[in-house]
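Notes follow once the structure below has been shown.
Taken together, the values in this text are just the output of simple stated rules run on the coordinates, not laboratory data. Note that the coordinates shown come from a computational prediction; the quantities given were computed from them, not determined experimentally. Methodologically, a virtual Cβ is constructed for each residue, glycine included, from the backbone with ideal geometry; neighbour enumeration extends over all protein chains shown.
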Amino acid sequence: VDFLGLKDITLVVHDWGGAIGMGLAVRKPKLIKRLVLFNTASFLSSDIPLRIGLCRIPLLGTIAIRYLNLFVKGVLRFGLKRRKRMAANIRAGYLAPYDSFENRIANLKFVQDIPMEPSVPSYSVMQYIEDNLKQFNGLPTLIIWGSEDFCFNIKFLNKWRELFPAAKVHEVRNAGHLVVEDASDEIIPWIEEFLKKNSFF
């Protein structure tokens, strides 16, 4: 961000991008002008799907994630609700970065670093982010949420509603974690309308 000289940022986040993006936002709040949130979290939670929890078990996680690539394959399998099969080229794009044992190390480390308890290194970071989120309550905020997400369930959406009560919320029925893949035809007009209505140029 500093290198590119970015300012007047519309921050769009999804999944772990919520922690990464809002981590930037709380450090450089004056740069952020609008928020678009898809199924994500930037706060602590005790909720974790069983299949992800199992991947945190040391040996089992290594086998499942690094040898079998089940983490990414699982997201592609369970993250969609409306489309039974993702287009082959899009699926290939999701899988491409994780095409070997070596290239799946980040997935394993990510799962191990989910802040479920204070001993996890990211726990204090997530706590800091959560403690500083309400400063963005006055920003134009759009929340688009797949209602059948196996990971970020309705409890996470309710937390965002609590943090940003003035946000415009679209709860997308019969859409999963990969809500943009499930409902792009609906989502694109919502984003265009949001950006036009909240233009600062």
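Points to keep in mind about this one:
- Against the chain, whose longest principal axis is taken from its Cα atoms, helix 179-197 shows a tilt of about 20°.
- Highest-fluctuation residue, Leu76, Leu50, Leu178 considered, GNM on the chain with Cα pairs under 10 Å: Leu50
- Exposure proxy order (Cβ contacts within 10 Å, fewest to most) of Arg34, Arg91: Arg91, Arg34
- Value of Rg/Rh across region 1-83 [Cα atoms, Kirkwood radius]: 1.09
- Based on Cα contacts under 8 Å between residues 6+ apart, the chain shows a relative contact order of 25 percent.
- Radius, Kirkwood style, for region 50-112 when every pair of distinct Cα atoms is counted (Å): 12.1 Å
- Kirkwood analysis of the chain, using all unique Cα-Cα pairs, places the hydrodynamic radius at 18.0 Å.
- Semi-axes of the equivalent ellipsoid for region 37-79, Cα gyration tensor, largest first, Å: 21, 14, 8
- Highest-fluctuation residue, Ala19, Ala183, Ala88 considered, GNM on the chain with Cα pairs under 10 Å: Ala88
- Only lysines eight or more places from Lys197 in sequence, or on another chain, were considered; those with a Cα closer than 28 Å are Lys7, Lys28, Lys30, Lys33, Lys134, Lys159, Lys168.
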